[in-house]
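Here the structure comes first, spelled out in structure tokens, and everything after it is commentary.
Values in this text are rule-based calculations from the coordinates and carry no lab data. Being a predicted model, the structure only gives us computed values, none of them experimental. Heads up, the Cβs are rebuilt from the backbone with ideal geometry, glycines too, and the neighbour counts pull from every protein chain shown.
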């Protein structure tokens, strides 16, 4: 049976892993170009839709779709390279 100390150790370990993963993601995002970083941030962090992002950035909605696709691929490559 796990003790309270065991649960605290598990929580501490998971928190440390979460901080490492967040730092890894931040480094990968920093490697992206400004256009890709902006569209990903607006979509994934701010929760905006494609039309809203287009309005914020002043670009056609199709451009948002293509930038988001390219940004996801670039982020995946950056994360793999950081691992």
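Working only within the stretch 48-64, note down all residues that are exposed (fewer than 11 other Cβ atoms within 10 Å of the Cβ) and in a loop (DSSP other than H, G, I, E, B).
At the first step, the residues of the stretch 48-64 found to be exposed (fewer than 11 other Cβ atoms within 10 Å of the Cβ) are 51, 58, 60, 62.
Those that are exposed (fewer than 11 other Cβ atoms within 10 Å of the Cβ) and in a loop (DSSP other than H, G, I, E, B): 58, 60.
Kindly provide the set of residues from the stretch 16-40 that are part of a helix (DSSP H, G or I) and either touching a residue at least 12 places away in the same chain (Cβ under 8 Å) or crowded, with 18+ Cβ neighbours inside 10 Å (or both), ordered by number. First the steps, then the outcome.
So in the stretch 16-40, the residues part of a helix (DSSP H, G or I) come out as 16-30, 34-40.
The answer is 24, 25, 27, 28, 29, 35, 36, 37, 38, 39, 40.
Consider only pairs whose beta carbons are under 6 Å apart and that are at least six residues apart or on different chains; among these, list those whose first residue lies in the stretch 65-81 and is surrounded by 13 or more Cβ atoms within 10 Å (Cβ to Cβ) and whose second residue is not in a helix (DSSP H, G or I).
74/32; 78/31
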